[in-house]
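Beneath this line is the structure, given in structure tokens, with notes to follow.
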Amino acid sequence: MKTLTTPATPAPLRDVALLVARLGLGVVLLTHGLDKLDQGFGTTADGFAAMGIPAPEAAAAYALVAEIGGGALFIAGLLTPVAGLLVVGQMAGAFWFVHRGTEVMAAAGGWELVGVIGFLALVLAATGAGRISLDALIGRRTPATA
């Protein structure tokens, strides 16, 4: 029995919601990653070093992979749990090394944006991409139909 405290979202609506969440997050990540790439790898690594991030070159490489690769994977709905965990790691690092101990609001230098990105990536990693995704298309294949 459905109640107000235990609503059941119909599967098609859930899939559309997952699609919209994936696309939105993917675009945000891809935009941030391409901005870092446009600034140049060295500039990004130097910025990370200035913020006190250890191994700034490795952190910059990870950021580019997580943001560009993770963003593209979210948009496609491909390897969604992997993309989610990559992004959660990226946002955890951003929180720990840059935003920890700050205000919440991003406008004040706080962790609001990295928190929302990380939380949504975690939800997508745990729930999957939904039926409107390459993950679902590939998952439906069987050895006889592949």
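Test of understanding: what is the full-extension gain from residue 62 to residue 100, defined as 0.36 nm times their sequence separation minus their Cα-Cα distance?
Working it through step by step, the gained length comes to 11.7 nm.
Over the range 1-77, what is the relative contact order in whole percent, taking alpha-carbon pairs under 8 Å and six or more residues apart?
Normalised by residue count, the contact order of the range 1-77 is 42 percent.
Helix 112-127 sits at what angle to the longest principal axis of the chain, using alpha carbons and giving 0 to 90 degrees rounded to 10?
Relative to the chain, helix 112-127 is tipped by roughly 30 degrees.
Name the residue farthest towards the positive end of the dipole of the range 7-113 from the options 91, 16, 105, assuming +1 on Cβ of Lys and Arg, -1 on Cβ of Asp and Glu, about the Cα centre.
16
What translational D, rounded to a whole number of µm²/s, comes out for the range 87-146 from Stokes-Einstein when the hydrodynamic radius is the Kirkwood one over Cα pairs, at 10 °C and 1.306 mPa s?
118 µm²/s
Please work out the FRET efficiency for the pair residue 55 and residue 134, using the Cβ-Cβ distance as r and a Förster radius of 30 Å; give the result to the nearest 0.05.
About 0.40, to the nearest 0.05.
So for the chain, taking the charge dipole from beta-carbon charges (+1 Lys/Arg, -1 Asp/Glu), which of 43, 76, 26 sits furthest toward the positive end?
Farthest towards the positive end: 76.
Starting from a Cα-only point model with no solvent, please compute log10 I(q)/I(0) by Debye for the range 1-108 at q = 0.18, 0.21, 0.23, 0.24 1/Å.
Log-scaled intensity ratios, in q order: -0.93, -1.12, -1.23, -1.27.
Helix 41-50 sits at what angle to the longest principal axis of the chain, using alpha carbons and giving 0 to 90 degrees rounded to 10?
70 degrees
Cα axis of helix 11-39 to longest principal axis of the chain: angle in degrees, 0 to 90, nearest 10?
20 degrees
I need the calculated FRET efficiency for the pair residue 37 and residue 11, taking r as the beta carbon distance and R₀ as 35 Å, to the nearest 0.05.
That pair, residue 37 with residue 11, gives E of 0.40.
Heavy atoms only, probe 1.4 Å: what % of the accessible area of the range 1-110 goes to carbon and sulfur, would you let me know?
C and S fraction of accessible area: 73 percent.
Highest mean first, how do 32-45, 101-114 rank when packing is the count of other Cβ atoms within 10 Å averaged over residues?
32-45, 101-114
Please give the charge dipole size of the range 1-140, origin at the Cα centre, charges +1 on K and R Cβ atoms and -1 on D and E Cβ atoms. Round to the nearest 20 debye.
640 debye
How many Å² of accessible area per residue for the chain, probe 1.4 Å?
58 Å²
The values are calculated or read from the model by the stated rules, or taken from the named source; none is laboratory data. The structure presented is a predicted model; accordingly, all values stated were derived computationally and were not measured. Note that we place each Cβ from the backbone using ideal geometry, even for glycine, and neighbour counts take in every protein chain shown. Heavy atoms of the whole protein, side chains included, go into the accessibility calculation; ligands, DNA and RNA do not. Shrake-Rupley method; radii C 1.70, N 1.55, O 1.52, S 1.80 Å.
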